[in-house]
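**Q** Sharing a structure here in structure tokens format.
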Amino acid sequence: NNRHTLECGAVRRVSREWWLHVGLLCIPLLAVYLHIPPPQLSPALNTWHSSGHFFTFRGNNVFYKESVGIVGSSDVLLLLHGFPTSSYDWYKIWDSLTQRFNRVIALDFLGFGFSDKPRPHRYSIFEQASVVEALVAHLGLSEQRINILSHDYGDTVALELLYRSDHNRSGHVTINSLCLSNGGTLEFHSVRKLEYYILKVLKDSGFISPVLTRLINFQLFSRGIGDVFGPYTQPTEAEFWDMWTGVRINDGNLVMDSILQYINQRLKHRERWVGALTSTSTPLHMIYGPLDPVNPHPEFIQLYRKLVQRSTVSVLDEHVSHYPQLEDPTGFFNAYLSFINSF
């Protein structure tokens, strides 16, 4: 018995020593892993960046891209992107839009894409709306009526801008029309797939969040965001890398938990934002990819039609999911063109 006890003790010591060696080996490997530099810009992403500009908002640099399009028109279009991507979401329809509008403008919200990603920082929909107002003023368009086309996170920013415009708040953007797309603008918002995983793990993890944000890598990101694209409209490997690069620039993965507080803000300020949507006289439209797991069909669009009776709706092909402007750029552009030419 004593011999057996000694042998068991020796085995346990060897086992402990083995785990200790594994732990000591993992520490430097983990340290390297947590400080992986961001990927290099692809030629396409570099071209997008090179053709853009920066302006300063409260000490932070905000990226925007502007193209002067059709001559003889004074129409201005402002594009507001979603979470967790950037203004590059609009690249597939950019040239088509410049053939319809005199000026086409897109920005990277604070904390996204090429814009600064300060931390610690209290990111909010209200601040992002103020960023948009500052950009409009910077471009000398404060007296101009602006058409807004938004997606996902950008939908909520657009609703705050709509509220300010309809209530004639100082410095507001004067909105000529608003087109939303696949965003949880209502109280019905199914947080699933990408947003579910990131939201549950990051938003409510407290002091652990900064560690967890460093553990997000390309494989986890591409798997998560791939879940909100349709099976027949998946991004290419290069497109996944461009999205991930946009997140990783300026360590954007480390501010995801702060930005994700917008989900709580939607719930808290629902009356303000859904109220603006239901009471406005501004022309409204919704472009919807029906395979969206975040805003599922048909519940989401049924609720939207019920609450926002003045809005027109375009439901795209059944294979199109949460990123309709990337999954079906032709259908998306044609739907928007029909709306913008209808008034």
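The values are calculated or read from the model by the stated rules, or taken from the named source; none is laboratory data. What you see is a predicted model, and the numbers here were worked out from it, not measured in a lab. The protein model used for the area step is the full one, side chains on, heavy atoms only, and it has no ligands, DNA or RNA in it. Shrake-Rupley method; radii C 1.70, N 1.55, O 1.52, S 1.80 Å.
**Q** Provide the per-residue ³J(HN,Hα) series for region 262-279, in order, calculated from phi with Karplus coefficients 6.51, -1.76, 1.60 and θ = phi - 60°, each as a whole number of Hz, with x at glycine and proline positions.
**A** Whole-Hz 3J(HN,Hα) from phi for region 262-279: 4, 4, 5, 5, 4, 5, 5, 10, 4, 4, 5, 7, 5, x, 4, 5, 7, 10.
**Q** Averaging sequence separations of C-alpha pairs under 8 Å and six or more residues apart, then dividing by the length of region 79-147, give the relative contact order as a whole percent. Present the calculation step by step, with values, prior to reporting the outcome.
**A** Working: 43 pairs, mean separation 17.3, N = 69.
For region 79-147, the relative contact order is 25 percent.
**Q** While we're here: Based on C-alpha coordinates, I'd like the Rg and Dmax of region 134-175, in Å.
**A** 10.0, 27
**Q** Let me understand region 263-309 better: what is its radius of gyration from the alpha carbons, and its Dmax, in angstrom?
**A** Rg and Dmax of region 263-309, Cα atoms, are 11.8, 30 Å.
**Q** Let me understand region 55-132 better: what is its radius of gyration from the alpha carbons, and its Dmax, in angstrom?
**A** In Å, with Rg to one decimal and Dmax whole: 13.5, 46.
**Q** May I pose another question? Rolling a 1.4 angstrom probe over the protein heavy atoms, how many square angstrom per residue are accessible across region 231-343?
**A** Details: 4800 Å² over 113 residues.
Roughly 43 Å² per residue, with all protein chains present.
**Q** According to the square roots a ≥ b ≥ c of the eigenvalues of the Cα gyration tensor, what is the shape class of region 253-338, taking rounded for a/c under 1.5, prolate for a/b larger than b/c otherwise, and oblate for the remainder?
**A** Numbers: a/c = 1.84, a/b = 1.15, b/c = 1.60.
Note, shape of region 253-338 comes out oblate.
**Q** For a quick check: with amide H placed at 1.01 Å from N, whose amide H comes under 5 Å from Thr174's, ignoring anything fewer than 5 positions away on the same chain?
**A** The answer is Ile146.
**Q** For a 26 Å ceiling on Cα separation, which of these pairs sit above it: Lys117/Lys268; Lys65/Lys268; Lys65/Lys117; Lys92/Lys306? All intermediate terms of the calculation are to be shown ahead of the outcome.
**A** Working: Lys117/Lys268 24 Å; Lys65/Lys268 32 Å; Lys65/Lys117 18 Å; Lys92/Lys306 32 Å.
Violating the 26 Å Cα-Cα cut-off are Lys65/Lys268; Lys92/Lys306.
**Q** Now a separate question. Residue by residue through region 49-59, which ³J(HN,Hα) values in whole Hz follow from phi under the Karplus form 6.51 cos²θ - 1.76 cosθ + 1.60 (θ = phi - 60°), with glycine and proline marked x?
**A** So the J values, rounded to whole Hz, are 5, 5, 8, x, 9, 10, 10, 9, 10, 6, x.
**Q** With the full set of protein chains in place, find how many percent of the accessible area of region 212-343 is carbon and sulfur; take the probe as 1.4 Å.
**A** Numbers: 2850 of 5560 Å².
Ligands and nucleic acids excluded, carbon and sulfur reach 51 percent.
**Q** Would you please give the residues with an amide H less than 5 Å from that of Phe101, counting only those at least 5 places away or on a separate chain, with H modeled from the backbone geometry?
**A** Under 5 Å from the amide H of Phe101 lie the amide H atoms of Ile70, each far enough along the sequence or on another chain.
**Q** Translational diffusion coefficient of region 83-171 at 20 °C, 1.002 mPa s, Stokes-Einstein with Kirkwood Rh over Cα pairs, in µm²/s as a whole number.
**A** Numbers: Rh = 14.1 Å.
Calculated translational D: 152 µm²/s.
**Q** Give me the Kirkwood hydrodynamic radius of region 225-273, using the inverse of the mean 1/r over all pairs of distinct Cα atoms, in Å to one decimal.
**A** Details: mean 1/r = 0.0761 Å⁻¹.
That comes to 13.1 Å for region 225-273.
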